[in-house]
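Report on one structure; see the data block that follows.
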Amino acid sequence: MSILLFLAAWELAPRLGGLFETFIAPPTVVVRTLAEFAENGELTGHILVSLGRASAGFVAAALVAVPLGFLLGSGFRTFERLVNPVLRFLGEINPFSLFPLFILLFGIGELSKGAMIFWVCLWPILFRTITGVKGIDPLLVKSARSMGTGIVTLFFRVILPAAAPSIFSGLKMGSGTAFFMLIAAEMIGASRGLGWLVWNAQVNFQIPRLFAATVVIALLGLSLDQLFSFVERRVVGWRQPSHG
(Lines give C-alpha, C1' and ligand atoms only; values in the text may rest on other atoms or scores of the structure.)
Protein backbone atom coordinates (compact mmCIF):
# COMPACT_ATOMS: atom_id res chain seq x y z
CA MET A 1 0.00 0.00 0.00
CA SER A 2 2.79 2.42 0.84
CA ILE A 3 4.43 1.75 -2.56
CA LEU A 4 1.15 2.36 -4.39
CA LEU A 5 0.56 5.61 -2.51
CA PHE A 6 4.10 6.75 -3.26
CA LEU A 7 3.72 6.00 -6.97
CA ALA A 8 0.36 7.78 -7.08
CA ALA A 9 1.80 10.91 -5.44
CA TRP A 10 4.80 10.75 -7.77
CA GLU A 11 2.52 10.48 -10.80
CA LEU A 12 0.22 13.31 -9.75
CA ALA A 13 2.81 15.85 -8.55
CA PRO A 14 4.31 16.65 -11.99
CA ARG A 15 0.82 17.01 -13.47
CA LEU A 16 0.03 19.85 -11.06
CA GLY A 17 2.27 22.13 -13.10
CA GLY A 18 4.89 24.63 -11.96
CA LEU A 19 8.27 23.42 -10.75
CA PHE A 20 7.02 19.87 -10.30
CA GLU A 21 6.29 19.57 -14.02
CA THR A 22 9.72 20.98 -14.92
CA PHE A 23 11.93 18.97 -12.59
CA ILE A 24 10.04 15.73 -11.89
CA ALA A 25 9.31 12.98 -14.43
CA PRO A 26 6.22 10.91 -13.54
CA PRO A 27 6.56 7.10 -13.26
CA THR A 28 4.76 6.51 -16.57
CA VAL A 29 7.36 8.62 -18.37
CA VAL A 30 10.18 6.87 -16.50
CA VAL A 31 8.84 3.44 -17.48
CA ARG A 32 8.56 4.57 -21.10
CA THR A 33 12.16 5.81 -20.98
CA LEU A 34 13.31 2.51 -19.50
CA ALA A 35 11.51 0.68 -22.31
CA GLU A 36 13.38 2.80 -24.85
CA PHE A 37 16.63 1.97 -23.07
CA ALA A 38 15.77 -1.72 -23.25
CA GLU A 39 14.98 -1.55 -26.97
CA ASN A 40 18.27 0.01 -28.01
CA GLY A 41 20.34 -1.95 -25.47
CA GLU A 42 21.97 1.19 -24.11
CA LEU A 43 21.05 0.59 -20.48
CA THR A 44 22.42 -2.96 -20.40
CA GLY A 45 25.85 -1.76 -21.45
CA HIS A 46 25.93 0.93 -18.77
CA ILE A 47 24.83 -1.56 -16.09
CA LEU A 48 27.47 -4.12 -17.05
CA VAL A 49 30.22 -1.48 -17.05
CA SER A 50 29.18 -0.17 -13.63
CA LEU A 51 28.84 -3.63 -12.10
CA GLY A 52 32.26 -4.60 -13.47
CA ARG A 53 33.92 -1.57 -11.91
CA ALA A 54 32.14 -1.99 -8.58
CA SER A 55 32.88 -5.72 -8.43
CA ALA A 56 36.59 -5.27 -9.13
CA GLY A 57 37.08 -2.71 -6.36
CA PHE A 58 34.86 -4.59 -3.91
CA VAL A 59 36.52 -7.98 -4.45
CA ALA A 60 39.99 -6.47 -4.12
CA ALA A 61 38.99 -4.77 -0.86
CA ALA A 62 37.49 -7.99 0.53
CA LEU A 63 40.59 -10.01 -0.37
CA VAL A 64 42.73 -7.54 1.59
CA ALA A 65 40.38 -6.62 4.45
CA VAL A 66 39.20 -10.07 5.57
CA PRO A 67 42.65 -11.69 6.03
CA LEU A 68 44.01 -8.48 7.55
CA GLY A 69 41.06 -8.34 9.92
CA PHE A 70 41.72 -11.90 11.10
CA LEU A 71 45.39 -11.11 11.68
CA LEU A 72 44.71 -7.91 13.59
CA GLY A 73 41.81 -9.36 15.53
CA SER A 74 43.49 -12.55 16.68
CA GLY A 75 47.18 -13.07 16.10
CA PHE A 76 48.43 -9.50 16.47
CA ARG A 77 46.28 -7.94 19.20
CA THR A 78 49.07 -5.66 20.44
CA PHE A 79 49.82 -4.43 16.95
CA GLU A 80 46.09 -3.91 16.39
CA ARG A 81 45.87 -1.68 19.45
CA LEU A 82 48.81 0.35 18.16
CA VAL A 83 47.52 0.88 14.62
CA ASN A 84 43.80 1.08 15.45
CA PRO A 85 43.81 4.90 15.93
CA VAL A 86 45.45 5.37 12.54
CA LEU A 87 43.05 2.94 10.86
CA ARG A 88 40.06 4.65 12.43
CA PHE A 89 41.35 8.03 11.30
CA LEU A 90 41.82 6.84 7.72
CA GLY A 91 38.40 5.21 7.73
CA GLU A 92 36.74 8.49 8.73
CA ILE A 93 38.26 10.53 5.91
CA ASN A 94 35.57 11.68 3.51
CA PRO A 95 36.28 9.76 0.29
CA PHE A 96 35.06 12.64 -1.87
CA SER A 97 37.86 14.81 -0.51
CA LEU A 98 40.34 12.23 -1.86
CA PHE A 99 39.11 12.49 -5.45
CA PRO A 100 41.90 14.89 -6.51
CA LEU A 101 44.52 12.65 -4.91
CA PHE A 102 43.31 9.49 -6.66
CA ILE A 103 43.15 11.30 -9.99
CA LEU A 104 46.62 12.75 -9.46
CA LEU A 105 48.09 9.33 -8.61
CA PHE A 106 46.18 7.10 -11.03
CA GLY A 107 44.83 9.46 -13.69
CA ILE A 108 41.18 9.60 -14.75
CA GLY A 109 41.02 6.07 -16.17
CA GLU A 110 39.75 2.81 -14.75
CA LEU A 111 42.54 2.49 -12.19
CA SER A 112 41.52 5.61 -10.29
CA LYS A 113 37.88 4.50 -10.18
CA GLY A 114 38.90 1.07 -8.92
CA ALA A 115 41.14 2.64 -6.29
CA MET A 116 38.31 4.86 -5.06
CA ILE A 117 35.95 1.90 -4.70
CA PHE A 118 38.68 -0.18 -3.05
CA TRP A 119 39.31 2.58 -0.49
CA VAL A 120 35.70 3.02 0.60
CA CYS A 121 35.02 -0.74 0.75
CA LEU A 122 38.16 -1.57 2.70
CA TRP A 123 37.25 0.05 6.01
CA PRO A 124 33.78 -1.35 6.79
CA ILE A 125 34.91 -4.87 5.86
CA LEU A 126 38.13 -4.56 7.88
CA PHE A 127 36.54 -3.11 11.00
CA ARG A 128 33.63 -5.57 11.02
CA THR A 129 36.02 -8.50 10.53
CA ILE A 130 38.17 -7.33 13.46
CA THR A 131 35.06 -6.93 15.60
CA GLY A 132 33.81 -10.39 14.66
CA VAL A 133 37.12 -12.09 15.44
CA LYS A 134 37.56 -10.27 18.75
CA GLY A 135 33.99 -11.13 19.73
CA ILE A 136 34.46 -14.91 19.45
CA ASP A 137 33.72 -16.67 22.73
CA PRO A 138 37.10 -17.89 24.12
CA LEU A 139 35.35 -20.97 25.50
CA LEU A 140 34.66 -22.15 21.96
CA VAL A 141 38.35 -21.99 21.09
CA LYS A 142 39.45 -23.59 24.36
CA SER A 143 36.91 -26.40 24.01
CA ALA A 144 38.06 -27.15 20.48
CA ARG A 145 41.71 -27.15 21.51
CA SER A 146 41.01 -29.40 24.47
CA MET A 147 39.70 -31.99 22.02
CA GLY A 148 42.93 -31.88 20.04
CA THR A 149 41.66 -29.77 17.15
CA GLY A 150 44.39 -28.66 14.75
CA ILE A 151 44.98 -25.06 13.73
CA VAL A 152 43.46 -25.46 10.26
CA THR A 153 40.38 -27.27 11.53
CA LEU A 154 40.04 -24.77 14.39
CA PHE A 155 40.01 -21.89 11.94
CA PHE A 156 37.51 -23.34 9.46
CA ARG A 157 35.21 -25.07 11.96
CA VAL A 158 35.22 -22.61 14.89
CA ILE A 159 36.80 -19.21 14.25
CA LEU A 160 35.52 -18.54 10.72
CA PRO A 161 31.90 -19.60 11.39
CA ALA A 162 31.81 -17.61 14.63
CA ALA A 163 33.08 -14.46 12.91
CA ALA A 164 31.02 -14.97 9.72
CA PRO A 165 27.96 -12.92 10.78
CA SER A 166 30.08 -9.86 11.45
CA ILE A 167 32.07 -10.39 8.24
CA PHE A 168 28.87 -10.57 6.19
CA SER A 169 27.70 -7.38 7.85
CA GLY A 170 30.89 -5.69 6.69
CA LEU A 171 30.52 -7.13 3.19
CA LYS A 172 26.97 -5.79 2.92
CA MET A 173 28.11 -2.37 4.07
CA GLY A 174 31.02 -2.49 1.65
CA SER A 175 28.85 -3.45 -1.32
CA GLY A 176 26.47 -0.57 -0.66
CA THR A 177 29.36 1.84 -0.26
CA ALA A 178 30.97 0.53 -3.45
CA PHE A 179 27.91 1.28 -5.52
CA PHE A 180 27.50 4.68 -3.88
CA MET A 181 31.09 5.66 -4.65
CA LEU A 182 30.94 4.16 -8.14
CA ILE A 183 28.21 6.55 -9.24
CA ALA A 184 30.25 9.52 -8.05
CA ALA A 185 33.46 8.19 -9.63
CA GLU A 186 31.78 7.65 -13.00
CA MET A 187 30.80 11.29 -13.13
CA ILE A 188 34.50 12.15 -13.50
CA GLY A 189 36.37 11.14 -16.63
CA ALA A 190 34.03 8.36 -17.74
CA SER A 191 32.20 7.78 -20.99
CA ARG A 192 30.04 4.83 -19.90
CA GLY A 193 28.33 3.64 -16.76
CA LEU A 194 25.27 4.56 -14.72
CA GLY A 195 27.07 7.47 -13.05
CA TRP A 196 28.00 8.88 -16.44
CA LEU A 197 24.40 8.37 -17.59
CA VAL A 198 23.11 10.45 -14.65
CA TRP A 199 25.70 13.16 -15.23
CA ASN A 200 25.04 13.30 -18.97
CA ALA A 201 21.27 13.55 -18.42
CA GLN A 202 21.80 16.31 -15.90
CA VAL A 203 24.07 18.34 -18.18
CA ASN A 204 21.65 18.04 -21.10
CA PHE A 205 18.60 18.55 -18.86
CA GLN A 206 17.06 15.23 -19.90
CA ILE A 207 14.87 14.75 -16.83
CA PRO A 208 13.23 11.43 -17.90
CA ARG A 209 16.65 9.86 -18.54
CA LEU A 210 17.90 11.22 -15.21
CA PHE A 211 15.02 9.66 -13.29
CA ALA A 212 15.24 6.41 -15.25
CA ALA A 213 18.93 6.02 -14.41
CA THR A 214 18.25 6.89 -10.77
CA VAL A 215 15.54 4.23 -10.53
CA VAL A 216 17.87 1.62 -12.02
CA ILE A 217 20.59 2.54 -9.52
CA ALA A 218 18.14 2.21 -6.63
CA LEU A 219 16.89 -1.16 -7.87
CA LEU A 220 20.44 -2.46 -8.29
CA GLY A 221 21.32 -1.33 -4.77
CA LEU A 222 18.29 -3.13 -3.35
CA SER A 223 19.12 -6.24 -5.40
CA LEU A 224 22.69 -6.34 -4.09
CA ASP A 225 21.48 -5.98 -0.52
CA GLN A 226 18.97 -8.81 -0.98
CA LEU A 227 21.64 -10.97 -2.64
CA PHE A 228 24.00 -10.62 0.32
CA SER A 229 21.13 -11.25 2.73
CA PHE A 230 20.26 -14.45 0.86
CA VAL A 231 23.87 -15.68 0.87
CA GLU A 232 24.20 -14.78 4.54
CA ARG A 233 21.10 -16.80 5.44
CA ARG A 234 22.47 -19.79 3.58
CA VAL A 235 25.98 -19.58 5.02
CA VAL A 236 25.23 -18.60 8.62
CA GLY A 237 21.68 -19.91 8.85
CA TRP A 238 22.58 -21.63 12.11
CA ARG A 239 22.33 -18.32 13.94
CA GLN A 240 18.78 -17.64 12.80
CA PRO A 241 16.08 -18.21 15.42
CA SER A 242 14.01 -21.29 14.86
CA HIS A 243 10.30 -20.91 14.13
CA GLY A 244 7.70 -23.44 15.16
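The values are calculated or read from the model by the stated rules, or taken from the named source; none is laboratory data. Predicted model, so just to flag it, every value in this text is computed and none were measured. Quick reminder, even Gly has a Cβ in these numbers, built from the backbone with ideal geometry, and neighbours come from all protein chains shown. Only protein heavy atoms, including side chains, enter the accessible area calculation; ligands, DNA and RNA are left aside. Shrake-Rupley method; radii C 1.70, N 1.55, O 1.52, S 1.80 Å.
Under the simplified labelling scheme, the Arg15-Leu48 pair shows an inter-label distance of 3.8 nm, with each label point 7 Å from Cα along Cα→Cβ.
When you filter the chymotrypsin sites (Phe, Trp or Tyr not before Pro) in region 59-165 for DSSP loop state and at most 14 other Cβ atoms inside 10 Å of their Cβ, you are left with Phe76.
Note on Lys142: lysines with a C-alpha under 26 Å away, same-chain residues under 8 apart excluded, are Lys134. Comparing Phe99, Phe205, Phe228 in a Gaussian network model of the chain, where Cα atoms under 10 Å apart are tied by springs, the biggest mean-square fluctuation is seen for Phe205.
Sorting the segments 130-139, 208-217 by their mean number of nearby beta carbons within 10 angstrom, highest to lowest, gives 208-217, 130-139.
For region 165-244, the per residue solvent-accessible surface stands at 53 Å², with DNA, RNA and ligands left out and a 1.4 Å probe. From the largest down, region 68-127 spans 39, 18, 17 angstrom on the principal axes of its Cα atoms. Between the beta carbons of Met147 and Leu98, assuming R0 = 51 Å, the FRET efficiency works out to 0.60 to the nearest 0.05.
A quarter of the convex hull surface defined by the alpha-carbon atoms of region 102-158 gives 5.4 nm² as the mean projection. With both labels modelled 7 Å from their Cα along Cα-to-Cβ, the Phe205 to Gln226 distance reads 3.7 nm.
Relative to the 2.2 N^0.38 Å rule of thumb, region 53-178 has a C-alpha radius of gyration ratio of 1.20. Rounding to the nearest 10 and keeping the result within 0 to 90°, find how far the Cα-based axis of helix 77-91 lies from the longest principal axis of the chain. The helix 77-91 is inclined about 10 degrees to the chain.
Remark: the Arg157-Ala35 segment gains 39.0 nm on full extension, using 0.36 nm per residue and subtracting the alpha carbon distance. Note on region 17-122: Rg/Rh from C-alpha atoms, Kirkwood Rh, equals 1.18. I'd like the carbon and sulfur percentage of the solvent accessible area for the chain, probe radius 1.4 Å, heavy atoms only, ligands and nucleic acids excluded. For the chain, the apolar C and S fraction of the accessible surface comes to 70 percent. Each 5 Å bin from zero up to the one holding the largest Cα-Cα distance in region 104-244 carries the following percent of pairs: 2, 9, 13, 14, 14, 12, 10, 8, 7, 5, 3, 2, 1, 0.
The angle between the Cα long axis of helix 194-203 and the main principal axis of the chain comes to about 30°, on a 0 to 90 degree scale.
Candidate cross-link partners of Lys172 among the aspartates and glutamates, defined by an alpha-carbon separation under 14 Å and a same-chain spacing of 8 or more, comprise Asp225, Glu232.
Against the chain, whose longest principal axis comes from its Cα atoms, helix 2-12 is set at around 30 degrees. Give, to the nearest whole percent, the P(r) tail of region 165-232 beyond 16 angstrom, counting all Cα pairs. Cα-Cα pairs of region 165-232 separated by over 16 Å account for 51 percent. For the pair region 41-81 and region 135-161, the centres of their Cα atoms are 26 angstrom apart.
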